[in-house]
Amino acid sequence: MNDNNMLYPVIINEKYGYIDNRGTLLIDTRFDYAEEFQDDFAIVEVNGKYGFINRNGEYVIQPKYEEVNNFKEGLAAFKLGYTWGYINKEGKEVISNTFLDAYDFSEGMALVQVGGKQGYIDKEGNIVIQPKYNYAHSFREGLASVDINDKFGYIDKNQNIIIPSKFIMANEFSEGLAAVEVKNGCGYINKDGEMVIDPKFDEVDDFYEGYALVGKEDLFGYINRKGEEIIPIRYENIDIIAEELVAVQIKDKWGYLNLKGEMVIEPKFNEAYDFKNGIAAVEVKNKLGYINKNGEYIWKPQR
C-alpha cells in the first residue's frame, strides 16, 4: 500500500472519521467508533451496530452486527444475536451464525466453539476437527496449540500430536518459535518442542519481525531470537516495535525509544501506540492525536 493512501481514525466532537498522513480529513466524522483500515476495509460502529466501510467512506457492509472481526483470508467473523458466523467481502453470510464463538481464519481453518468445546472448521463451514478441546489456538505454521488433559501441546491439521501436552500455556508459533509456560517460568520452543530460549521470564509474547516482548517482575523489554535483550527489561509498560521505534511508559507518561534504547521522543503522552507509515496515534488527557517521527503533531489531540 502506498504510504500516501494510509488512513487514520480521528475523533471530533465524539464522532470518528479518517485523516491521511498529512492530517487532512478525508472521511467525515460521522461514526460512533472506527478502527484502523485493514487492507481496504475498516470496521465502524453506528448506533451500537458494526459494519465495514471502504477507503472512500462508503458502506460495503451495513452496520447491523453486534460484533465483527477484520477480514482474514477473505472471510470475517460476525456476531448476530448471541451466535457467530462468517461473511465474505460482498457481505454475504457464507457460514451461518451457529457458533458460540468464532475466531479468524488462518491457514484455511478457523477455531470455533460449539457447546462448551472448541474445534475447527474449513471455509465451507464444515467441521474438520471435532470440538473436543477445552481451550485451543488457531493454526499457525502448520501447528495449533490445544489443551489435552489440562496441559497444552501441539497438533497438526490431521490431529496428530506433534509436541506432547506438557505446557501450562502455549501460544501460536510465530517465526518458527512459540512462547510457552512451564513450572519455572516462560520461554520459547522450536517446532521439535525443544526449549531454545530458557524459561526465565514471567511474561512472554509472540515473535514479530525478529523481536519478542518479555517481562520480569512487572517490568518489560524486548529480546531477539537468540534470547538477547535488545530493549532492556526495565520499563513499566511497552508497546510493539514498529518501524524501528517502540513506545514505552516511564512513570505515568509514554515516549519512544529507538532500537539502541535511546529516547528519541520524550515521554509526554498519556498513551502512545505503534508507528504506521511514519505516523503514530497518541493520547493526551483522553484526547486522540497523531505525531510524526519527529514527535510533531500532524493532528492535535481532540475528542
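Brief remarks on what is shown
- Using every pair of distinct Cα positions in segment 1-65, the Kirkwood expression returns a hydrodynamic radius of 11.6 angstrom.
- Spatially, segment 80-103 and segment 204-271 are offset by 37 Å when compared through their Cα centroids.
- Computed from backbone phi, the HN-Hα couplings of segment 202-208 come to 8, 9, 9, 10, 6, 6, 8 Hz, rounded to whole numbers (Karplus: 6.51 cos²θ - 1.76 cosθ + 1.60, θ = phi - 60°; Gly and Pro given as x).
- Inter-centroid distance (Cα atoms) of segment 116-157 relative to segment 36-57, Å: 30 Å
- GNM remark for the chain: springs join alpha carbons under 10 Å apart, and the peak mean-square fluctuation among N258, N160, N54 falls on N160.
- Taking N as its residue count, the alpha carbon Rg of segment 236-303 over 2.2 N^0.38 Å: 0.98
- Under 5 Å between amide hydrogens, built in the peptide plane, is the criterion, and for K200 it picks out C186 among residues at least 5 positions away or on other chains.
- Near Q159, no amide H atom lies under 5 Å from its own; only residues 5 or more places off or on other chains count, and H is placed 1.01 Å from N.
- Karplus-derived 3J(HN,Hα), 6.51/-1.76/1.60, for each residue of segment 40-53, Hz, glycine and proline x: 9, 10, 9, 7, 10, 10, 9, 6, x, 10, 10, x, 10, 10
- Once C-alpha pairs closer than 8 Å and six or more residues apart are averaged by separation and normalised to the residue number of segment 134-184, the relative contact order reads 28 percent.
- Value of D in µm² per second that Stokes-Einstein yields for segment 134-235, Kirkwood Rh from Cα pairs, at 25 °C (0.890 mPa s): 181 µm²/s
- Between Y235 and F220, the built amide H atoms are under 5 Å apart, and every one of these is 5 or more places off in sequence or on another chain.
- Restraint check, K132/K166; K15/K123; K117/K151; K166/K191, Cα-Cα greater than 26 Å: K15/K123
- Over segment 69-124, the hull volume per residue, using the convex hull of the C-alpha atoms, is 66 Å³.
- Spherically averaged projected area of the chain from its Cα convex hull (nm²): 16.3 nm²
Just so you know, all these numbers are worked out from the coordinates, no wet-lab data involved. Remember, it's a predicted structure, so these values are computed and weren't measured experimentally.
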